[in-house]
Amino acid sequence: MKCLIIAAGKGSRLQLRGNSKPLIPVFGVPLIERVIRSAMAVNVDEFFVVTGYQNENVTSFLKDLSRQLKIPIRAIFNEDWQQENGISVLKARDYIQEPFLLLMSDHIFDPNTLHELMEVPLPHGEINLAVDRAIDNPSVNLDDVTRVKIKKGKVLEIGKGLTNYNGFDTGIFLCTPSIFEALEQSTEQHDNTTLSGGVCILASQGRVNAAEFSGKFWIDVDDPEAMRQAENILLNYLSDSF
């Protein structure tokens with residue numbers, strides 16, 4: 001299976017920890033490497049990483065990592081990286097024509113989440129989204145998280161401004177290429193270039209399945225406070241493993 005990872009943003013809120021957000025280490029392991037190693041646990045055999053800010057540094061790191069892990073990792077440069085993340089996803093359209101994992105380079109999560117995501121059936125033309133139903137999750141920044149409303153296993157609505165919601169978008173997707181068509185439609189018809197805009201299109205057609213979390217950790221590492229929380233989560237995770 002192929003995996004697409006979005007790693008184009010600047011990550012200005014973490015500039016004190018490093019110039020390139022995907023390369024910022026958490027306990028010595030760069031964020032993007034953690035994501036790649038987690039995806040390898042579900043037999044991903046080829047990676048595509050959309051780069052932007054600090055493209056040369058990120059691409060160089062990925063080449064070295066590819067050799068180290070003995071797995072293909074292709075960098076795709078998004079010259080429009082300052083735009084919304086849906087543009088980055090669209091950059092991979094010519095490279096992926098089959099179901100694929102879609103992940104964010106700045107999200108740390110329990111690798112077992114991917115196993116659960118794979119167990120949810122993925123009909124043709126649909127996508128699966130890992131949804132955190134714990135809306136009291138202390139690791140979630142309510143001012144920044146993307147919220148979802150789900151019912152009977154389907155995502156009905158998605159967006160940062162939702163007031164009626166019962167879950168959070170974790171940024172962990174299993175997609176069919178239908179996501180590319182939906183993103184193009186969202187851009188052309190609604191001038192919405194976010195990934196959520198494309199997901200909204202599919203959700204309105206009943207084509208977004210909710211893979212519900214069962215107590216596994218995840219965190220969007222966007223700022224120093226989230227980084228501190230991520231480190232604590234990983235420490236607790238390691239402690240529980242012994």
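Filtering region 90-102 for residues that are over 21 Å from Glu33 (Cβ atoms), out of contact with any strand residue (DSSP E or B) (no Cβ under 8 Å at 6 or more places or on another chain) and not in a loop (DSSP other than H, G, I, E, B) leaves a non-empty set. Out of region 16-34, which residues are assigned to a helix (DSSP H, G or I), of a type in the set (A, V, I, L, M, F, W, C) and in contact (Cβ under 8 Å) with a residue 40 or more places away in the chain? Residues satisfying the conditions are Leu16, Leu31, Ile32. Quickly run through region 35-74 and pick out the residues that are more than 27 Å from His115 (Cβ to Cβ) and either touching a strand residue (DSSP E or B) at 6+ places or on another chain (Cβ under 6 Å) or in a strand (DSSP E or B) (or both). Hits for region 35-74 are Thr51, Gly52, Gln54, Asn55, Val58, Thr59.
Here's the yes/no breakdown for (1) among the hydroxyl-bearing types (Ser, Thr, Tyr); (2) more than 29 Å from Glu157 (Cβ to Cβ):
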| position | (1), (2) |
| --- | --- |
| Val44 | no, yes |
| Asn57 | no, yes |
| Leu69 | no, yes |
| Ser88 | yes, no |
| His107 | no, no |
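Does Arg13 satisfy the condition of being surrounded by fewer than 17 Cβ atoms within 10 Å (Cβ to Cβ) and closer than 28 Å to Leu117 by Cα? Considered against the rule, which asks whether it is surrounded by fewer than 17 Cβ atoms within 10 Å (Cβ to Cβ) and closer than 28 Å to Leu117 by Cα, Arg13 comes out as no. Against the list (1) surrounded by fewer than 17 Cβ atoms within 10 Å (Cβ to Cβ); (2) out of contact with any strand residue (DSSP E or B) (no Cβ under 7 Å at 6 or more places or on another chain); (3) under 24 Å from Arg228 (Cα atoms); (4) of a type outside the set (Gly, Ala, Ser), the condition Asn19 fails is (2). Here is the figure for region 136-152: residues that are surrounded by 14 or more Cβ atoms within 10 Å (Cβ to Cβ), more than 17 Å from the chain's Cα centre (by Cα) and either assigned to a loop (DSSP other than H, G, I, E, B) or free of Cβ contacts under 8 Å to residues at least 12 places away in the same chain (or both) total 1.
Residues in region 77-89 that are touching a strand residue (DSSP E or B) at 6+ places or on another chain (Cβ under 8 Å) and surrounded by 18 or more Cβ atoms within 10 Å (Cβ to Cβ): Asn78, Trp81, Asn85, Ser88, Val89. Of the residues making up region 161-199, those that are in a helix (DSSP H, G or I) and either among the β-branched types (Val, Ile, Thr) or more than 16 Å from the chain's Cα centre (by Cα) (or both) are Ser178, Ile179, Glu181, Ala182, Glu184, Gln185, Ser186, Thr187, Glu188, Gln189, His190, Val199.
Of the conditions (1) crowded, with 18+ Cβ neighbours inside 10 Å; (2) touching a strand residue (DSSP E or B) at 6+ places or on another chain (Cβ under 9 Å), Arg133 satisfies every one except a single condition; which number is it? The single condition Arg133 does not satisfy is (1).
Every number in this text was worked out from the coordinates using simple rules, so none of it is lab data. Just so we're clear, the structure is a prediction, and the values are computed from it rather than from any experiment. Cβ sites come from the backbone with ideal geometry, for glycine too, and all protein chains shown count toward neighbours.
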